[in-house]
Structure formats: structure tokens, C-alpha cells
Amino acid sequence: MRAFLIFLCGALSLATPTRAENPPPVAGAPGRYTMTPAEGGFLRLDTQAGSVSFCTVKDGQSFCHASADEKAALEAEVSRLTRENSELRSKLSSAPTAQPKGSSGLPSEEEFERTLSFAEKFLRRMIKVLREKAPEDKSQ
């Protein structure tokens with residue numbers, strides 16, 4: 001019984017989800033950010049993205065501000081997306097709708113009967129072809 005309880009506890013511990021954690025940095029390997037002292041604070045370089053921020057420390061908390069180039073690029077992208085969004089909205093509002101208002105989207109009685117007639121003709125022809133082929137199959 002004791003072995004079963006140990007096995008059960010082990011199985012349950014393996015079945016529970018684990019937290020995703022970043023692996024610890026390798027000693028001596030450069031990190032994502034590099035800090036360079038500057039007048040009034042320090043510059044933080046993101047070695048993966050290439051962005052530079054000016055950071056200051058006040059009351060034990062650091063505050064980083066993006067550079068003017070990054071702010072301008074971000075604002076330009078926001079403006080472009082805003083224009084694109086409004087263009088798409090205007091195209092969407094002026095596009096004709098697939099069905100008139102008040103329509104249920106179902107085919108009319110005439111369309112239904114015509115489609116049913118095609119299906120009936122198709123089935124009758126298929127049955128006729130199968131009946132004609134059946135005697136040949138039996139003789140072989």
C-alpha cells in the first residue's frame with residue numbers, strides 16, 4: 001500500500017503543469033541588455049532589438065525612456081495603422097452586402113424547385129446507367 005501511495009504521489013507530481021522559466025544565464029555570456037554610464041544616468045542597449053534607452057535611477061527605481069528616433073518610428077507606425085484602419089473601415093461600409101436587408105438568405109421557391117429538378121434528373125440517369133451495366137457484370 002505504501003509503494004502505491006508513493007507511486008501515486010510521484011505520478012501526480014509529474015502530471016501537474018510546471019512553470020515555464022527562462023534558463024539561467026551562462027556565466028561570462030553577454031546578456032540581452034548592456035549598460036553604459038552617461039551624464040545623469042545610463043544608456044541601456046537592447047542587444048537583440050537594437051533599441052537604446054536613457055535610464056535614470058530615482059528613489060531606488062529605474063526609469064527608462066525611449067530615444068527620440070524610436071518614439072518617432074513608433075508614432076509613424078501608429079499613424080500608418082490608424083490610416084489603414086480608417087481606409088479599411090470605409091471600404092467595408094461602402095461594400096455591397098451579399099443579401100438584401102430583410103432577406104433570410106434562403107433560396108426562393110423557384111430556385112429550390114429548379115435545383116431539386118436537376119438532382120432528380122441526375123439520379124434517374126445514374127440509376128439507368130447502373131441498370132444497363134448490371135447485366136454485363138453478371139455475365140463475366
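Can you tell me how much longer the chain between residue 92 and residue 113 gets when fully stretched, taken as 0.36 nm per residue apart minus their C-alpha distance, in nm with one decimal?
Working: separation 21, 0.36 × 21 = 7.56 nm, distance 3.44 nm.
Full extension from residue 92 to residue 113 adds 4.1 nm.
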Could you give the length gained on full extension between residue 65 and residue 132, defined as 0.36 nm per residue of separation minus the Cα-Cα distance, in nm? 15.7 nm
Once the Cβ-Cβ distance between residue 34 and residue 74 is put in as r, and R0 is 25 Å, what FRET efficiency do you end up with, to the nearest 0.05? 0.70
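Each reported figure results from applying straightforward, stated rules to the coordinates on display, with no laboratory input. What you are looking at is a predicted structure, and each value in this text was computed from that prediction instead of being measured. Neighbour counts are summed over all protein chains in view; Cβ atoms, including those assigned to glycine, are modelled from backbone coordinates with ideal geometry.
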